[in-house]
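Engineer: First the structure, then my questions, so here it is.
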Amino acid sequence: MSNIDITLQHQQGDFALDVTFQTPATGITALFGRSGCGKTTVLRAVAGLLKADQGHININGASWQHQQHFIPAHRRPIGYVFQEASLFAHLSVRRNLEYGWRRIPKTQRRVKFDTVVELLGVAPLLKRATHRLSGGERQRVAIARALLTSPQLLLMDEPLSALDHAAKQAILPYLESLHDELGIPSLYVSHDPNEVARLADQIVFLEQGRVKAYGAAADLLTRLDLPVASYDDAAAILEGKISSHDHTYHLTWVSMDGGRVAVSREDLPEGHYARVQILARDVSLSLRSHTDTSIINILPAKIVDTRDISPSQVLVRLELLDGQTLLSRITRRSAVGLGIKEGMTLYAQVKSVALMS
């Protein structure tokens, strides 16, 4: 059975962890929540770096921990990427990459050396000493090294937290490509909603050592009962395909069953999978579909939930025709003026759309 099945109870000082979740052993599952909620504790238990007091860890039908049964870390088929890239300072980049790769029998190597080098863009770095690498380069090498151990599961503990904004933006496309290219499932720890929106397929939302919610990333990011929807940069993600390119106005259209949206021209083939991000503050609402407006992204939608998030603002959760969800943050004055209520149909006017992958 291809899934990740985890139940853990663990007491660590004053902190009590009590989590249970199952997630497909495909794509990226984000362990998401505020600092101190237990994300890294769960990851360390899965890695075998921490023996939980009670519980079980089953990966693809294999038991890594259950009652008195415990497989130590060095025998677990994992790759682990820490916040800080812990490279061997006395070895070149190539030697760092080869360190784990050569210890895997040829018959058990699931990924090719050249494939990982190309995928992470580290070919120009192979001859360098590690102290001559930038932070982003070091982290790409660390990810490549973890992948070259041919893991059944990749564990990533806030791998971008030590990087500046530019370095994060540079490395995110590499992370996006891992699943499609290699098919290795990942547990990804983060407290950054933008990272999670861009990378995650599933989210385990942790709060004070408990699982507050679990499910598809697109659904959880727009649930009004979760705090992430109230963040200033709260956003929804929509999935579709590249349907056409407008060469005159340098636009690329992304189509879903519930409509289509335009992004700045991207050199991607028609039919290519696309994920877009839409911030709640960039979505206004209208009772009619207007043509006398500068906004070109207008989607029919139904209101499924509303919530006051301040004395002056209301958050509205919308469902598109294909079931995907969107968020809109509007003033309470506008909500009253439009007669906003659950079940109402109207139009979401999207000012800005960001292509994420």
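Engineer: Loop-only check: which trypsin sites (Lys or Arg not before Pro) in segment 310-357 are DSSP coil with at most 10 other Cβ within 10 angstrom?
Structural biologist: Details: sites: ARG317, ARG329, ARG332, ARG333, LYS341, LYS351; in loops: LYS341, LYS351.
Sparse-neighbourhood loop trypsin sites (Lys or Arg not before Pro): LYS341.
Engineer: Just the accessible area per residue of segment 116-227, please: how many Å² with a 1.4 Å probe? Don't skip to the answer; put the middle values down first.
Structural biologist: On the way: 4120 Å² over 112 residues.
Per residue, segment 116-227 has 37 Å² of solvent-accessible surface.
Engineer: Taking a spot 7 Å from the Cα of ILE296 along the direction of its beta carbon, which residues of segment 241-269 have an amide N less than 11 Å from it?
Structural biologist: Once the point is set 7 Å along Cα→Cβ of ILE296, 245-254, 261-265 turn out to lie under 11 Å by backbone N, inside segment 241-269.
Engineer: Take each of the peptides 125-135, 263-273, average the number of other beta-carbon atoms within 10 Å over its residues, and list them starting from the highest.
Structural biologist: Working: 125-135: 14.7, 263-273: 12.2.
Ranking the peptides 125-135, 263-273 by packing returns 125-135, 263-273.
Engineer: Amide H neighbours of LEU154 under 5 Å, counting only residues 5+ apart in sequence or on other chains, H built in-plane at 1.01 Å?
Structural biologist: Under 5 Å from the amide H of LEU154: GLY79, SER186, LEU187.
Engineer: Using a Debye calculation, one point per C-alpha and no hydration shell, please list log10 I(q)/I(0) for the chain at q = 0.13 Å⁻¹ in order.
Structural biologist: Treating every Cα as an identical point scatterer, log10 I(q)/I(0) equals -1.07.
Engineer: Just to check I understand the Karplus step: with θ = phi - 60° and J = 6.51 cos²θ - 1.76 cosθ + 1.60, what whole-Hz values come out for segment 53-70, glycine and proline as x?
Structural biologist: These are the phi-based 3J(HN,Hα) values: 4, 8, x, 9, 9, 10, 10, 6, x, 9, 8, 9, 7, 6, 6, 8, 7, 8 Hz.
Engineer: Among 176-184, 214-222, how do they line up from the highest to the lowest mean number of other beta-carbon atoms within 10 Å?
Structural biologist: On the way: 176-184: 16.1, 214-222: 19.7.
So the order, starting with the most tightly packed, is 214-222, 176-184.
Engineer: Roughly how many nanometres apart are two label points built 7 Å out from the Cα toward the Cβ at SER286 and ASP192?
Structural biologist: Placing both labels 7 Å along Cα→Cβ, they lie 3.5 nm apart.
Engineer: Which shape class, rounded, prolate or oblate, goes with segment 102-195 when its Cα gyration tensor gives a ≥ b ≥ c as root eigenvalues, a/c under 1.5 marks rounded, and past that a/b bigger than b/c marks prolate? If you can, show how the numbers build up before the last one.
Structural biologist: Details: a/c = 1.95, a/b = 1.23, b/c = 1.58.
Judged from the Cα gyration tensor, segment 102-195 comes out oblate (a/c at least 1.5, b/c at or above a/b).
Engineer: Any idea how far apart ARG75 and ALA162 come out in nm if each label point goes 7 Å out from Cα toward Cβ?
Structural biologist: 3.1 nm
Engineer: So, for segment 228-352, what is the accessible surface per residue at a probe of 1.4 Å, expressed in square angstrom? Intermediate results must be reported in sequence, preceding the final value.
Structural biologist: Working: 6500 Å² over 125 residues.
Solvent-accessible surface per residue comes out at 52 Å².
Engineer: Could you compute the net charge surrounding THR345? Neighbours are other residues with a C-beta less than 12 Å from the C-beta of THR345; K and R count +1, D and E count -1. Please list the in-between numbers first.
Structural biologist: Values: positive: ARG288, LYS302, LYS341; negative: GLU319, GLU342.
In short, +1.
Engineer: Given only helices, namely DSSP H runs of n ≥ 4 each adding -39500 (n - 2.57), what is the per-residue ellipticity at 222 nm of the chain, to the nearest 500 deg cm²/dmol? Kindly include the intermediate steps, with their values, before the conclusion.
Structural biologist: Values: 8 runs with 74 residues, N = 357.
One gets -6000 deg cm²/dmol as the mean residue ellipticity at 222 nm.
Engineer: If you take the square roots of the eigenvalues of the alpha-carbon gyration tensor of segment 285-357 and sort them as a ≥ b ≥ c, do you get rounded (a/c under 1.5), prolate (a/b over b/c) or oblate?
Structural biologist: Numbers: a/c = 1.44, a/b = 1.33, b/c = 1.09.
Judged from the Cα gyration tensor, segment 285-357 comes out rounded (a/c under 1.5).
Engineer: Continuing with this model, one more query. So for segment 24-174, taking the charge dipole from beta-carbon charges (+1 Lys/Arg, -1 Asp/Glu), which of LEU160, GLY55, HIS74 sits furthest toward the positive end?
Structural biologist: Ranked along the dipole, the leading option is HIS74.
Engineer: Could you work out what % of the accessible surface of the chain is carbon and sulfur, using a 1.4 angstrom probe and leaving DNA, RNA and ligands out of the count?
Structural biologist: On the way: 7990 of 17040 Å².
Within the chain, the accessible surface is 47 percent carbon and sulfur.
Engineer: Classify segment 171-294: rounded, prolate or oblate, from the alpha-carbon gyration tensor (a ≥ b ≥ c, eigenvalue square roots; a/c under 1.5 rounded; otherwise prolate if a/b is larger than b/c)?
Structural biologist: Working: a/c = 2.49, a/b = 1.31, b/c = 1.89.
The shape class here is oblate.
Engineer: Among GLN139, ASN3, HIS179, which residue has its Cα positioned farthest towards the positive end of the charge dipole of the chain, with +1 placed on the Cβ of Lys and Arg, -1 on the Cβ of Asp and Glu, and the dipole taken about the Cα centre?
Structural biologist: About the Cα centre, the residue reaching furthest to the positive side is GLN139.
The values are calculated or read from the model by the stated rules, or taken from the named source; none is laboratory data. Bear in mind that the values here come from a model prediction, so they are computed numbers and not experimental data. Note that we place each Cβ from the backbone using ideal geometry, even for glycine, and neighbour counts take in every protein chain shown. The area values use the complete protein model at the heavy-atom level, side chains included, leaving out ligands, DNA and RNA. Shrake-Rupley method; radii C 1.70, N 1.55, O 1.52, S 1.80 Å.
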